[in-house]
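Student: Following this message is one structure expressed as structure tokens.
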Number of protein chains: 2
Amino acid sequence: MKLLKVDTVNEAREKLLAAARKKKKQIEFVNLNEALGRILASDLVSPEPIPSFRRSTVDGYAVKAVNTQGAGESIPVFLDVIERIEIGTPAIRMVQPGQCSYVPTGGMIPEGADAVVMVEYCEAFDEKSIAVYDAVSPGRNVVSIGEDIQEEALFLKKGTRLRPQEIGVLASAGVHTVPVYKPWKISIISTGDELVPADQKPMPGQIRDINTYVLEAMSIKYGFEVVSKQVLRDERSLLEEAVAEAMKSCDLVVASGGSSQGEKDHTADVLDQFAQPGVFTHGIALKPGKPTILGYDVISETILMGLPGHPAAAMIVFELMAVWLHRQLTHQPEPKYTTAAIQTNVASAPGRATCLLVELEDSEGGYIAKPIFGKSGLMTTLSRAHGYTMIDTNKEGLKEGEIVQVALL
Amino acid sequence: MKLLKVDTVNEAREKLLAAARKKKKQIEFVNLNEALGRILASDLVSPEPIPSFRRSTVDGYAVKAVNTQGAGESIPVFLDVIERIEIGTPAIRMVQPGQCSYVPTGGMIPEGADAVVMVEYCEAFDEKSIAVYDAVSPGRNVVSIGEDIQEEALFLKKGTRLRPQEIGVLASAGVHTVPVYKPWKISIISTGDELVPADQKPMPGQIRDINTYVLEAMSIKYGFEVVSKQVLRDERSLLEEAVAEAMKSCDLVVASGGSSQGEKDHTADVLDQFAQPGVFTHGIALKPGKPTILGYDVISETILMGLPGHPAAAMIVFELMAVWLHRQLTHQPEPKYTTAAIQTNVASAPGRATCLLVELEDSEGGYIAKPIFGKSGLMTTLSRAHGYTMIDTNKEGLKEGEIVQVALL
């Protein structure tokens, strides 16, 4: 086994991105009602303005604004009503000076009119005219053509994760099949002679497998497609077989456990054997997460990761490396963080980054971030955490009250 | 139509919660690998401690800590190795004074031992003994019994939304079928004579239906089960039929459009007709979102909501009312917000709350929240928004630089 120096988080990320940058991106088209949570694979430009006609935002009378000048609560102006526009149908008659047309909310503004007076400020005067008790300025209560989306405008960017509001934008622009990135296919391998499935009772010395469950859930959360997940005994040939099989179809193969220097730890060797031109990261200066192996096979375009066996560490490395890389390659912006004041001094070893799990507690001035200490083998530390904050490699720790950025988990 | 005073957001919420509080909660059991994102329906107590045996966090030698006292870089102590413990198998021999056993990461600590010296600080001395160059204190590198989850401890609370880390906790505790709340069944109705489906080209005066897409996506986002979604023409009998049919199977019926005072707006009347003992909220002092109708039918236990026709307003009211109520009834905590400094002064009308959409921009001292102004009919305003901040009913607006809580959308 090569014993190389560990990488900082940023060095590891740079290597990972440099290696995987040329990985082919696969695009598919999905129906709009299946597009929630997917990542847009191209910039979208609208062939038409939205709305494509001027619409009223209220129930009222479409007028020439200039005709309402001087009108007020006790001084009406009088206008002839020439049309009652129905919702969903075109306005037919042109409004001339001294005229108006009734228009419902969402209805089409007739030609000649440039504002709408709310119905609450109007009163029937006689059969063909109304009294208007409000002066409006041009554009009042009118959505103009292209006000939501201009013609030929880029209205959604490549890399956008489609939330309900983007689904709405796509609906309004008439995009009913959406170009999105195909989900990464992932194979999840967990190795360890001590592991039994979650529905089995462990014997003395055994524990239930956690990592395949956590990594499967993380994969689903981030939109990956889990091709296989399996728990293997610590035998090199089993791992070789599983990795070789996974590389045939997957974008990402993660093997947790067996990535440190113990006698039965074959992961680094096996990944190095399969990755052409070889594994490039043998350990990250990160707590927790040091025993991390990163490689990329240029032939099959597979990302290969050896994750720590400790579940909390495995999840953190998956988040910081795999999810991060996916975000880069699909042009997604960084997710939003929240800010909080750290509750206590926190020491951290210089020369390595610390991923500090925190609980967020409400207080007068915003959140207090309460550090969660605990061994990285403890799953409940992660469950108590609302998020994490990174203490950089060169930082010597945090001072009580310091404001930190918390990434929500 | 009854013309009642509008409710504040809090009054509307109180009425909604008071009415729906007794709604029966339905629970189902799902497999652990299908439980991601679901809401836990009972407190979970562990019948066993996790881990159930003492485990080593490192590769090393299990020792009596007292035997390593005085050891250091240049002054070893010598211990007899009595066993090589294999991962996944019980430790057999008891460690006596002067003895130790090799234990791998995750391996079982033998009886008699109370700490582990990392293998890096040990050296083979002869065939049966090692030199130890580090003094350890009791408990060092040992996960004790129940350190992750104590026996009989409540380890996950009712109302917990199951994230990947909770899936891990459940796996470690051996919970392979999980009690969760059944998803709310929802029927989504959108009314308007101007609406055409998203895959059709609107004629002059028509627009594409947006609300059923947005509300379906919101429903999926929050784990509701969409039973039906339909676009209706503005005819009272069509709405009556649709609501009656939906109430047979749904927990929540939302009808958007037709909830203001226009001539064709039947929603309030129809919901009032079906809700026993009647609709209780006829408008909310909220911008946007005023034309909101809330009711509850005690017989079918259906929540009935009339949402504004404007898509952005419909989505905001759905978030503030339907999603909020679901969170209350399923015992979920409030979601985490982020904080930001507001970029400009923002005026708001006293007497009504404002839901202000904001874009978050990075800056030295944390986020700047940039208000997004725009008519509530514009879908792109919501798509530009990272979240929203509420300006309370009694507040007169925001001052530039004021720190606000932003709920992420």
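Student: Test residue A:48 against the criterion of being in contact (Cβ under 8 Å) with a residue 12 or more places away in the chain, outside any loop (DSSP other than H, G, I, E, B) and acidic (Asp, Glu), and give yes or no.
Tutor: no
Student: Scan the strands (runs of 3 or more DSSP E) fully inside region A:311-374 and keep the ones with 2 or more residues being out of contact with any Leu (no Cβ under 7 Å at 6 or more places or on another chain), outside the structural domain of residue A:188 (by TED's automatic domain parsing) and buried (at least 22 other Cβ atoms within 10 Å of the Cβ).
Tutor: A:353-363
Student: I'd like to check something: does region A:202-219 contain any residue that is under 30 Å from residue A:44 (Cβ atoms) and not basic (Lys, Arg)?
Tutor: yes
Student: Enumerate the pairs (first residue in region A:88-115 and over 18 Å from residue A:145 (Cβ atoms); second residue anywhere and outside any strand (DSSP E or B) and of a type in the set (S, T, N, Q)) with beta-carbon separation below 7 Å, excluding pairs fewer than 6 apart on the same chain, so at least 6 apart or on different chains.
Tutor: Cβ pairs passing all conditions: A:97/A:67; A:98/A:67.
Student: Inspect region B:252-271 for any residue being farther than 30 Å from residue A:85 by Cβ and of a type in the set (Ser, Thr, Tyr) and give the result as yes or no.
Tutor: no
Student: Quick one: count up the residues across region B:16-57 that are of a type in the set (Asp, Glu) and touching a strand residue (DSSP E or B) at 6+ places or on another chain (Cβ under 6 Å).
Tutor: Final tally of qualifying residues: 1.
Student: Here is a further query. I'm trying to understand the selection: among the residues of region A:282-326, which are of a type in the set (D, E, K, R) and in contact with a strand residue (DSSP E or B) (Cβ under 9 Å, 6 or more places away or on another chain)?
Tutor: Within region A:282-326, A:287, A:290, A:297, A:319 qualify.
Student: Among (1) within 14 Å of chain A (Cβ to nearest Cβ); (2) surrounded by 18 or more Cβ atoms within 10 Å (Cβ to Cβ); (3) of a type in the set (A, V, I, L, M); (4) more than 22 Å from residue B:147 (Cα to Cα), where does residue B:124 come up short?
Tutor: (2)
Student: Moving on to the next point. So which of B:18, B:41 ends up being assigned by TED's automatic domain parsing to the domain that holds residue B:297 and farther than 29 Å from residue A:194 by Cβ?
Tutor: One residue alone meets the criteria, B:18.
Student: Quick check on my filter: what residues within region A:128-153 are outside any loop (DSSP other than H, G, I, E, B) and of a type in the set (Ser, Thr, Tyr)?
Tutor: The answer is A:129, and nothing else.
Student: Of A:215, A:195, which residue is more than 30 Å from the chain's Cα centre (by Cα) and more than 7 Å from every other protein chain (Cβ to nearest Cβ)?
Tutor: Selected residue: A:195, the only one of A:215, A:195 that is more than 30 Å from the chain's Cα centre (by Cα) and more than 7 Å from every other protein chain (Cβ to nearest Cβ).
Student: Can you pull out every residue in region B:11-36 that is surrounded by fewer than 19 Cβ atoms within 10 Å (Cβ to Cβ) and either among the polar types (S, T, N, Q) or part of a helix (DSSP H, G or I) (or both)?
Tutor: B:11, B:14, B:15, B:17, B:18, B:26, B:31, B:33, B:34
Student: Separate question: Within region A:125-153, can you find the residues that are under 24 Å from residue A:51 (Cβ atoms) and among the polar types (S, T, N, Q)?
Tutor: A:137, A:141, A:144, A:150
Conditions tested, residue by residue: (1) crowded, with 24+ Cβ neighbours inside 10 Å; (2) more than 10 Å from chain A (Cβ to nearest Cβ).
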site	(1), (2)
B:166	yes, no
B:172	yes, no
B:177	no, no
B:189	yes, yes
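Student: Only one of these conditions is not met by residue B:135: (1) crowded, with 16+ Cβ neighbours inside 10 Å; (2) more than 10 Å from chain A (Cβ to nearest Cβ); (3) on the phi > 0 side of the Ramachandran plot. Which number is it?
Tutor: Looking at each condition in turn, residue B:135 falls short on (3).
Student: Which one is farthest from the other protein chains (Cβ to nearest Cβ), of the residues in region B:375-384 that are touching a residue at least 24 places away in the same chain (Cβ under 8 Å) and either crowded, with 23+ Cβ neighbours inside 10 Å or part of a strand (DSSP E or B) (or both)?
Tutor: B:376
Student: Same structure, new question: How many residues are closer than 22 Å to residue A:373 by Cα and under 14 Å from the mean Cα position of the chain (by Cα) if we restrict to region A:312-330?
Tutor: 1
Student: If you scan region B:385-404, which residues turn out to be crowded, with 17+ Cβ neighbours inside 10 Å and more than 8 Å from chain A (Cβ to nearest Cβ)?
Tutor: Scanning region B:385-404 gives B:388, B:389, B:390, B:391, B:393, B:398, B:404.
The values are calculated or read from the model by the stated rules, or taken from the named source; none is laboratory data. Keep in mind it's a predicted model, so treat the numbers as computed, not measured. Here the Cβ is made from the backbone with ideal geometry for all residues, glycine too, and neighbour counts use every protein chain on show.
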